[in-house]
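Before any comments, here is the structure.
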Amino acid sequence: MAVAKAKITAEGHIPVGLEALERVYLRVGDEIEIEPVTRGVLLIKAWSLVQEEARLSQVKRKLTRIRDNLAAAEGLTFNELLLATQYGLIDPQQAYWWSEGWQAGEREVEREKEMGQVATFESVEALLADLHAQ
């Protein structure tokens, strides 16, 4: 990628050619975030990317909470599921499991386990015998 040169104006503007903007997928009117890195070096990010990074960070926190505390964690919204699958945080084939609807069921199961409403069986036959006895 060729280097774009610009001269800072008296008003503090830095004119950048349209071709340079297009190479980094920016358009006229896009909002950007400028972060000083070191002397003479600025990191410029499209504001939309900054916002997406914030949403991605939130999704990562929710995934961690689900992994750490299934009984209390909130599931992902539809848009969060899209972001998580797009960035490879979860398997698209398993996305349903991370959804709020599914996680509500998981929380219910965890409550039932805490209340002792769950039984384990040594075999299928023992399970069937228990079912028929009820």
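Derivation of every value follows stated rules applied to the coordinates shown; laboratory data play no part. A quick note: this is a predicted structure, and the numbers were derived from the prediction, not measured. Cβ atoms come from the backbone with ideal geometry, glycine included; neighbour counts cover every protein chain shown.
Numbers below:
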read-out: Environment charge of residue 81, counting only residues whose C-beta is closer than 11 Å and scoring Lys/Arg +1, Asp/Glu -1; value: -1
read-out: Gap separating the Cα centres of segment 84-132 and segment 1-74, nearest whole Å; value: 39
read-out: Between helix 47-68 and the chain: long-axis angle, C-alpha atoms, 0 to 90°, nearest 10; value: 20
read-out: Relative contact order, percent, the chain [alpha-carbon distance under 8 Å, six or more residues apart]; value: 13
read-out: Rounded, prolate or oblate (a/c below 1.5 giving rounded, otherwise prolate when a/b exceeds b/c) for segment 69-134 by Cα gyration tensor; value: prolate
read-out: Exposed GluC sites (Glu not before Pro) absent: longest stretch of the chain, with sites in DSSP loops and at most 13 other Cβ within 10 Å deemed exposed; value: 75-121
read-out: Max mean-square fluctuation residue, GNM over the chain, Cα-Cα springs under 10 Å, options 26, 63, 81; value: 26
read-out: Which labelled figure in [x] 1.13; [y] 1.30; [z] 1.02 is Rg/Rh (Cα atoms, Kirkwood Rh), once derived from the coordinates; value: [y]
read-out: Rg followed by Dmax, in Å, when segment 26-71 is reduced to its Cα trace; value: 15.9, 50
